[in-house]
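Inspection log for the structure reproduced underneath, given as structure tokens.
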Amino acid sequence: MPSRAHPHFNWMHRSLSFLLLAAVSAAPVAAQTSLRGSPKSVDRMHRQALNHDVTFHRTPASVNKAHKAGTLVRLSGNRDFQMVHVNYPYVLPSTRTFVQRLAEQYRAQCGQQMVVTSGLRPGSFRLMNAHEKSVHPTGMAVDLRKPRQAKCLNWLRKGLLSLEGEGAIEATEERNPPHFHVAVYPRQYARYVAGHRGGGEVLAQRDSGENGDSGKGDSAKASSSAKSKSSGTAKGATRYRVRKGDNLSTIAKRHGTTVRRIRQANGLKSARLQPGQTLEIPTKR
Ligand SMILES: [Zn+2]
């Protein structure tokens, strides 16, 4: 046998490995951009809670105290969402802002109210199936009922995935009962909101002015820095910070745009992205 590989085989081999590589880099990456629940995602949420140094409330008395001190706020339904069977309607201010803003857009898109089925759950009232590391006792998380209508369900999925892609939340789709579990990361979410005032993407957050007390210091600080940062953004475009494992195709999909448009908007000659790099994402229109 000649030691040299057959040229045809060689070619096949090379194009095969190219195809494999392409498939790997185009695959939806990290669990951060999936709604599948996993021990890893539970760990991530728990770690975020520890990083934020939030209190895990064990008793109703502890919840009351935090509410009086203003570290927890009451979540009450409005025309955009209702609370169903929520025993402890308290959450962190950033989580309330998240619910209010998401619900406003949800109702605008679906024509129905969003339904919140759980807010804070004191640690001592842990549900049978809840994980030891649940972040519900912190007020960081809410549960949202899964809508029956496909249109609303898809909108909610897309919205949660998009916010998860921004690193502002972690959401998982749960079965018993069917709901979305969403952990809202206070610092990251405040930054996200600050960076998207007046932006035009799927979950562009309008500053409604009624949430003055939410996310206080963080939000104000992040807002001034984000303003200078986004001054160069074209109208109707939004900024996205590239995270580890991202690629143009997943980013485009998440924002309902195309790889080509993102490359054009940013003058990208190559498809290679660096984590931390900021991209301008053109909107659909
Ligand atoms: Zn939950």
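Where a number appears in this text, it was derived from the coordinates with a stated rule and is not lab data. Bear in mind that the values here come from a model prediction, so they are computed numbers and not experimental data.
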Within the set Lys133/Lys158; Lys65/Lys158; Lys68/Lys158; Lys68/Lys133, which residue pairs have Cα atoms separated by over 32 Å?
Lys65/Lys158; Lys68/Lys158
Quick query: amide H of Lys146 versus all other amide H atoms, modeled in the peptide plane; which residues come in under 5 Å with a sequence gap of 5 or more or a different chain?
His179, Phe180
